[in-house]
Amino acid sequence: MDAWLRRDPRHAGALLRAMAGLSAVERALTSDMSERSTRSSLPARPNRRRVIAAAGGAIAATVAGTFGWQRLGGRYVTTSRGEIRRLPLEDGSIATINTGSELRISLNPAGRRIELARGQAWFQVAKDRTRPFIVDAGIAQARAIGTAFSVVRGEDGVQVAVTEGTVAVWPSGSDGLMAILKAGQFANFRAPAAAPVVGSAPDEIERALAWRNGEISLENETLSHAIEQFNRYNSQRLVLTDPSLADERLVGLFKIDKPEDFATMLSTSLDVEVTVSPAEIRIARKIDAPADGKRR
């Protein structure tokens, strides 16, 4: 594959077009399978969409070698608010899935494919050069063989961050060249078919992945950012009633499921007032009481 890509600069574009086409038929097949699940359980005749998907898989395998795969079903996984799941996969890989995530895992003899619909997962990939490990995050794709990397898919785009080894990334549906990320590097995708912004931030990547251990790591982040992170995981929400506190900077390592402990720390370090109820933890700036007992 590497020799074929080096032979002609146009080969990279041909490969990506083939993979984009395969992604399209994969999505069509997924939709078709969902429709079938709501119908009769009687055996159904093959329809045109399934035949096209099979043909698309064969064409992509011819053009892209081990990049092609045939769908053999998949495993649908979701995580609820506050849930962090460590999921061993049949090939020896491990997927650590963050709160509020949704993905489908398909492993078969031809390849390994993850479709990340929303949320975040960190993958520790078992080496198998004959079965590429590909994560489809909508506007972006990532491919690894034996490595560790994170993929985040949110409303504002997709980020791929590498913690070990190397990962190839590219925009979906584009004939642009792949970007190769090494450990400590990231790629941010913000629009379909657009080249990603690539950078290096090993320390920031590791801090951002503290959730794998049930922690939130802050290194000069704002209070508003910290509150946003805690509220992703807890039904008892932190509420900042004084906007002037939003930009206060914080440093520390905190347990994700202990928002009240975090608020207690704030009451000491920022001299704020904390009011706790079953649904909320309200944070406000203290109002000094003068000697006459009247508030000013």
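The values are calculated or read from the model by the stated rules, or taken from the named source; none is laboratory data. This is a predicted model, so every value here is computed, not measured. So basically every Cβ, Gly included, is an ideal-geometry build from the backbone, and we count neighbours across all protein chains shown.
Here Pro196 fulfils each of the conditions (1) at pLDDT 95 or above; (2) over 20 Å from Met1 (Cβ atoms); (3) surrounded by 19 or more Cβ atoms within 10 Å (Cβ to Cβ) apart from (1). Inspect all residues belonging to region 241-254 and state whether any of them is at pLDDT 95 or above, in a helix (DSSP H, G or I) and under 24 Å from Gly154 (Cα atoms). Within region 241-254, not a single residue is at pLDDT 95 or above, in a helix (DSSP H, G or I) and under 24 Å from Gly154 (Cα atoms).
Do we find a residue being touching a helix residue (DSSP H, G or I) at 6+ places or on another chain (Cβ under 8 Å) and outside any helix (DSSP H, G or I) anywhere in region 195-203?
Scanning region 195-203, I find no residue that is touching a helix residue (DSSP H, G or I) at 6+ places or on another chain (Cβ under 8 Å) and outside any helix (DSSP H, G or I), so the answer is no.
Quick check, is Phe186 outside the structural domain of Val158 (by TED's automatic domain parsing) and either in a helix (DSSP H, G or I) or under 28 Å from the mean Cα position of the chain (by Cα) (or both)? No, not satisfied.
Based on this model, can you work out whether Ala110 counts as closer than 22 Å to Lys182 by Cα and in contact (Cβ under 8 Å) with a residue 24 or more places away in the chain?
On the way: closer than 22 Å to Lys182 by Cα: no; in contact (Cβ under 8 Å) with a residue 24 or more places away in the chain: yes.
No: the conditions fail for Ala110.
If you filter region 114-144 down to residues that are under 22 Å from Ala201 (Cα atoms) and aliphatic (A, V, I, L, M), you find that the one that is nearest to the chain's Cα centre (by Cα) is Ala121.
Considering each residue of region 101-124 in turn, at least one proves to be at pLDDT 95 or above, within 26 Å of Glu228 (Cα to Cα) and part of a loop (DSSP other than H, G, I, E, B).
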